[in-house]
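Asker: First, the structure itself, so that you have it in front of you.
The values are calculated or read from the model by the stated rules, or taken from the named source; none is laboratory data. Just so it is clear, the structure is predicted and the values come from calculations on it, not from any experiment. Methodologically, a virtual Cβ is constructed for each residue, glycine included, from the backbone with ideal geometry; neighbour enumeration extends over all protein chains shown. Heads up: the accessible areas ignore ligands, DNA and RNA and are worked out on the full protein's heavy atoms, side chains in. Shrake-Rupley method; radii C 1.70, N 1.55, O 1.52, S 1.80 Å.
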Amino acid sequence: MKLKSIFAAGALALGAISANAAVDEAKMNAFIDELMGKMTLEEKLGQLNLPASDDIVTGEAKNSNIGERVAKGQVGGVFNIKGAAKIRDLQRVAVEESRLGIPLIFGMDVIHGYQTVFPIPLALSCSWDMDAIEKSARIAAKEASASGIAWTFSPMVDISRDPRWGRMSEGNGEDPYLGSEIAKAMVKGYQGDLTADDEIMACVKHFALYGAPEAGRDYNTVDMSRGRMFNEYFAPYKAAVEAGAGSVMTSFNTVDGIPATGNHWLLTELLRDKWGFDGFVVTDYTAIAEMIDHGMGDLQDVSALALKAGTDMDMVADGFLGTLGKSLAEGKVSQADIDLAVRRILEAKYRLGLFDNPYKYADPKREATELYTPENRAEARRIAAETFVLLKNEGDILPLKKQGKIAVVGPLGNTRANMPGTWSVAADFDRYKSLYEGIKDAVGNKAEVVYAKGSNLESDPVLEANATMFGREMRDPRSEEELLAEALATVADADVIVAAMGESSEYSGESSSRTELELPATQRRLMEALLATGKPVVMLNFSGRPTVMSWEAETVPAILNVWFGGSEAADAIADVVFGDVNPSGRLTATMPRSIGQVPIYYNHLNTGRPLAADAKGFVKFRSNYLDVPNTPLYPFGYGLGYTTFEYSPVRLSANTLTGDGSLTATVTVKNTGSREGTETVQLYIRDLVGSVSRPVKELKGFERITLAPGESRDVTFTVTPEMLKFYNFNLDFVNEPGDFDLMVGPNSAEVSTARFTLK
Ligand code: BGC
């Protein structure tokens, strides 16, 4: 059988699988056995090779550098090529010009949408809306697949408690339970059952623990106890694997002293043997070569280490293709090691239906009609509005009325490029609206809207340039004084000021760590001047992480945290600012009072010298700070809306829980305000005595409910022994009988408590 003939004219011949049926494993194995029987060593190593490429010209793929390598069978997949035409072109080289015609797998960082961009993942998590999150992944998959993408490097599920780390923007905050629910929703949204041509393979990343770098500095050392890994950090990766994610990406950091990419315990003993993962493992960008700098040997050593650890595909480092042949000859790796990895890559391609139809994922017709559609944009707008977190609303300044003169001021007030957020890989910035444009459209001719920038993002142009690489912001060449004077003139006869402040989109994301999280000095000066006018000021805080807003919380009457809201952010912000949508976002990462409190998170251990809950100020010889309270500025789970909710005390159906039984916990929630609103009711538990010290609170459930004014509803959670399990010192996942506190409330700090006993 000459494989190429399978693809001739797209014909489905020679027993190739049907793309729309569940995979017949026996058939797949026979197909792969036969194929591997024909492959040379170089062709096998080629399958393990994943270069990046954005350098091909449509119609010229064959003559490009990447095309030549593909034709020689040296490439298994390619990422970062944008557009169905280019992808088809390069796929044709693989299928028609390479000896065996094995199709390429095309990947991309489709992290929060494709051309229709959804809010950054941290923002999405604040919706606590699993249907919305799944939907966002579904739409991303539909759009990306039309452009040829079969594989997305998402979901990123790294737990992080350190907002200095810019990549908090890409994850789901600090909680392992919520993170796991989101991981499942994302995998489901991308993959479905991985049969249709708009269902793409997910890649869970970054395995593992990437969100806990020392000092919040990207790529830095991670070192933590196994107990913490299992109880606090691993759950979302495991959940994504159990949801069927087809691939896993290694992280750059060390795990227990060994870089993840070369860590056999992590990639084989845990991921495959314990969790049952049967997809393939790809490295992060050049992660194999980076093990040289980690001090693990030369390129040949580290490539062999990676393969033997359980890594299957080498992203960009050329370590596998370049050195595994030599290692095989020298007995440092075996043919079986190589074959296992090759088989996993071929299996993934087979399951995706690429042997059946290599062009399955690149459909110029779909690409022309199904991207950035009004329907997709409407979903993105609706979902974005759910992610904003109202932190403060003194005197009910918000929602604003569509009347009078509204001044939009601030460095984020009239930029289109900064709306979608980091990793908007397929964004078409010119088509999106700036905030100023969104506000103008929202009010139509009912109000006058004016704008002034007021300040640059930073006083220091070098710092601003570093944080706005990719040219996403134009620095205003005028002096700070000129910008400020213009702003004050602009607001002079305004009725209300909407101050668009904070970070630009590239302040967060990869390689964007910060040691200061307060508003930069130049923006603070602008804010002070705006407040000094005595006019009502609403602050929109753009950020890719929790920022430090202690000063703002004291001085600014209304603060709405809008993160980076995707392509429809401007309209969505207007929807909330003018009250067409009642804000319902709840924080998924603690907002500190001071950077010195970091890492700060709600599910911490108690210590042997906890500060009493009713302590007034500093207490000597207790665990606290001289200069700042222990409490956060805004706790995990927190967020306001334009209505109010009242909670009854929690009621338990029983005070004991046994064996495989269950009990229920019920609260009555009432909308006590004057408009409809959505509340996220949160369930926490505390295990009061354990064989290892247990956190003061752990999220175990949540429910979003929408209530009309005056309406009450009972919300009931079922508690089972399974939910109370944890990893003990021996890393066994166990129940330990004893007393538990069960807490229900609107956020992690305001709860009503009831006690029960697990027998
Ligand atoms: C990032 C990954 C990403 C990869 C490919 C790396 O630098 O850490 O998250 O998937 O690049 O673009």
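Asker: Show me the ranking of peptides 175-185, 637-647 by mean Cβ neighbours inside 10 Å, starting with the highest. Write down the numbers at each step before the final one.
Answerer: Working: 175-185: 24.8, 637-647: 19.8.
Ranking the peptides 175-185, 637-647 by packing returns 175-185, 637-647.
Asker: Of E736, E97, E552, which has the most accessible area and how do the rest follow, probe 1.4 Å?
Answerer: Working: E736 35, E97 85, E552 5 Å².
Final ranking, largest accessible area leading: E97, E736, E552.
Asker: Can you list residues whose amide H is under 5 Å from S455's amide H, if they're 5+ apart or on another chain and H is modeled 1.01 Å from N?
Answerer: HN-HN under 5 Å from S455: G410.
Asker: Relative to the compact-globule scaling 2.2 N^0.38 Å, provide the ratio for the alpha-carbon radius of gyration of the stretch 184-341. Provide the component values of the computation, followed by the final result.
Answerer: Values: Rg = 15.6 Å, N = 158, 2.2 N^0.38 = 15.1 Å.
Dividing the Cα radius of gyration by 2.2 N^0.38 Å gives 1.04.
Asker: Among the lysines, select those whose C-alpha is under 22 Å from the C-alpha of K453, and discard any that sit fewer than 8 residues away in the same chain.
Answerer: Counting by Cα, and skipping residues close in sequence, K453 has these lysines nearby: K402, K405, K433, K440, K535.
Asker: Now for a different question. Using amide H atoms built 1.01 Å from N in the peptide plane, name the residues 5+ places from L657, or on other chains, whose amide H lies under 5 Å from its own.
Answerer: T757, L758, K759
Asker: Let me ask something else about it. Let's test this: bin the Cα-Cα distances of the stretch 289-337 at 10 Å from zero up to the farthest pair and state each bin's percent.
Answerer: Result returned by the calculation: 30, 61, 9.
Asker: Would the stretch 517-581 count as rounded, prolate or oblate if I go by the C-alpha gyration tensor, calling it rounded below 1.5 in a/c and otherwise prolate when a/b exceeds b/c, oblate otherwise? Walk me through the numbers on the way to the answer.
Answerer: Values: a/c = 2.17, a/b = 1.36, b/c = 1.59.
Verdict is oblate for the stretch 517-581.
Asker: Same structure again: If you line up the long axis of helix 299-309 against the longest principal axis of the chain, both from Cα atoms, how many degrees apart are they, to the nearest 10?
Answerer: So the helix axis and the longest Cα principal axis differ by about 80 degrees.
Asker: Students often check this: by mean Cβ neighbours within 10 Å, which of 189-199, 281-291, 120-130, 615-625 ranks highest, and how do the rest follow?
Answerer: Taking the mean over residues of other Cβ atoms within 10 Å, the ranking is 120-130, 281-291, 189-199, 615-625.
Asker: Looking at the calculated P(r) for the stretch 632-740, what percent of the C-alpha pair distances fall above 23 Å?
Answerer: Every Cα pair in the stretch 632-740 considered, those over 23 Å come to 40 percent.
Asker: Tell me what the chain gives for mean residue ellipticity at 222 nm when only DSSP H runs of n ≥ 4 count, each as -39,500 (n - 2.57), the sum divided by the residue total, rounded to 500 deg cm²/dmol. Before the final figure, lay out the partial values.
Answerer: On the way: 21 runs with 208 residues, N = 759.
Helix-only estimate at 222 nm: -8000 deg cm²/dmol.
Asker: According to a simple spin-label model (label point 7 Å from Cα along Cα-to-Cβ), what is the distance in nm between D495 and F429?
Answerer: Simple spin-label model gives 3.4 nm for this pair.
Asker: Please label the shape of the stretch 350-400 as rounded, prolate or oblate, based on the square roots a ≥ b ≥ c of the eigenvalues of the alpha-carbon gyration tensor (a/c under 1.5 means rounded; beyond that, a/b larger than b/c means prolate, else oblate). Provide the component values of the computation, followed by the final result.
Answerer: Working: a/c = 8.37, a/b = 2.99, b/c = 2.80.
Since a/c reaches 1.5 and a/b is larger than b/c, the shape of the stretch 350-400 is classed as prolate.
Asker: For the stretch 407-491, go through all pairs of different Cα atoms, get the mean of 1/r, take its inverse, and jot down that Kirkwood value in Å.
Answerer: For the stretch 407-491, inverting the mean 1/r across all distinct Cα pairs yields 14.0 Å.
Asker: Could you go through the stretch 319-324 in sequence order and give the Karplus-derived ³J(HN,Hα) for each residue, using 6.51 cos²θ - 1.76 cosθ + 1.60 with θ = phi - 60°, rounded to whole Hz, and x for Gly and Pro?
Answerer: x, 5, 5, x, 10, 5
Asker: Compute the acute angle (0 to 90°) between the alpha-carbon long axis of helix 335-351 and the principal axis of greatest extent of the alpha-carbon atoms of the chain; round to the nearest 10°.
Answerer: With both axes taken from Cα atoms, the answer is about 70 degrees.
Asker: Once you have the alpha carbon radius of gyration of the stretch 107-194, what is it after dividing by 2.2 N^0.38 Å, with N set to its residue count? Write out the running numbers ahead of the final one.
Answerer: On the way: Rg = 12.3 Å, N = 88, 2.2 N^0.38 = 12.1 Å.
Dividing the Cα Rg of the stretch 107-194 by 2.2 N^0.38 Å gives 1.02.
Asker: Compute the angle between helix 521-532 and the longest alpha-carbon principal axis of the chain, please, reported from 0 to 90 degrees and rounded to the nearest 10.
Answerer: The two axes meet at around 30 degrees.
Asker: I would also like to ask the following. Kirkwood hydrodynamic radius for the stretch 54-211: how many Å is it when counted over pairs of different Cα atoms? Don't skip to the answer; put the middle values down first.
Answerer: On the way: mean 1/r = 0.0608 Å⁻¹.
Hydrodynamic radius (Kirkwood, Cα pairs) of the stretch 54-211 is 16.4 Å.
Asker: Binned at 10 Å from 0, what are the whole-percent values of the Cα-Cα distance distribution for the stretch 238-301, short to long?
Answerer: Binned Cα distances yield the sequence 23, 50, 24, 4.
Asker: At 4 °C and 1.567 mPa s, grab the translational diffusion coefficient of the stretch 576-661 from Stokes-Einstein with a Kirkwood Rh over Cα pairs, rounded to a whole number in µm² per second. Don't skip to the end; give the middle numbers.
Answerer: Details: Rh = 16.7 Å.
This corresponds to a translational diffusion coefficient of 78 µm²/s.
Asker: A further question on this structure: At a 10 angstrom cut-off on C-beta neighbours, averaged per residue, how do the peptides 332-345, 502-515 rank from highest to lowest?
Answerer: Values: 332-345: 18.1, 502-515: 22.7.
Going from most to least packed, we get 502-515, 332-345.
Asker: For K82, go through the lysines and keep the ones whose alpha-carbon is under 16 Å away, minus same-chain ones fewer than eight residues off.
Answerer: Output for K82: K142, K360, K365.
Asker: Considering only DSSP beta bridges with both partners in the chain, what is the antiparallel share in %, to the nearest 5? Write down the numbers at each step before the final one.
Answerer: Working: 47 of 85 bridges.
Beta bridges within the chain, antiparallel portion: roughly 55 percent.
Asker: Another question, if that's okay. Treat the stretch 259-378 as a sphere of radius equal to its Kirkwood radius over Cα pairs and apply Stokes-Einstein at 10 °C in a medium of 1.306 mPa s; give the translational diffusion coefficient in µm²/s, rounded to a whole number.
Answerer: On the way: Rh = 16.2 Å.
D = 98 µm²/s.
Asker: Keeping all protein chains in position, work out how much accessible area T58 exposes to a 1.4 Å probe, and write it in Å² to the nearest 10.
Answerer: 80
Asker: In whole Hz and in residue order, list the ³J(HN,Hα) couplings for the stretch 584-598 that follow from phi through the Karplus curve 6.51 cos²θ - 1.76 cosθ + 1.60, θ = phi - 60°; x for Gly and Pro.
Answerer: Karplus-based 3J(HN,Hα) across the stretch 584-598 equals 9, x, 10, 4, 10, 9, 4, 9, x, 7, 8, 4, x, 7, 6 Hz.
Asker: Of L640, P374, G211, which is farthest towards the positive pole of the chain's charge dipole, taken about the Cα centre with +1 and -1 on the beta-carbons of Lys, Arg and Asp, Glu respectively?
Answerer: Final value for the positive-end residue is L640.
Asker: With only alpha-carbon pairs counted, each pair once and no self-pairs, how large is the Kirkwood hydrodynamic radius of the stretch 436-570 in angstroms?
Answerer: For the stretch 436-570, the Kirkwood estimate is 15.7 Å.
Asker: Only Cα pairs under 8 Å and at least 6 apart count here; give the relative contact order of the chain as a rounded whole percent.
Answerer: Working: 1826 pairs, mean separation 100.1, N = 759.
The normalised contact order for the chain reaches 13 percent.
Asker: What is the projected area of the convex hull of the Cα atoms of the chain, averaged over all directions, in nm²?
Answerer: Values: hull surface 133.6 nm².
Its average projected convex-hull area is 33.4 nm².
Asker: Which residues' amide hydrogens lie under 5 Å from the amide hydrogen of I105, considering only partners 5 or more residues apart or on another chain, with H built in the peptide plane?
Answerer: G77, V78
Asker: Assuming R0 = 51 Å, can you tell me the calculated FRET efficiency for the pair T221 and D476, based on Cβ-Cβ distance, to the nearest 0.05?
Answerer: On the way: r = 39 Å, r/R0 = 0.77.
For T221 and D476, the calculated efficiency is 0.85.
Asker: Provide K670, K402 ordered by accessible surface of protein heavy atoms (probe 1.4 Å), highest first.
Answerer: Order by accessible area, largest first: K670, K402.
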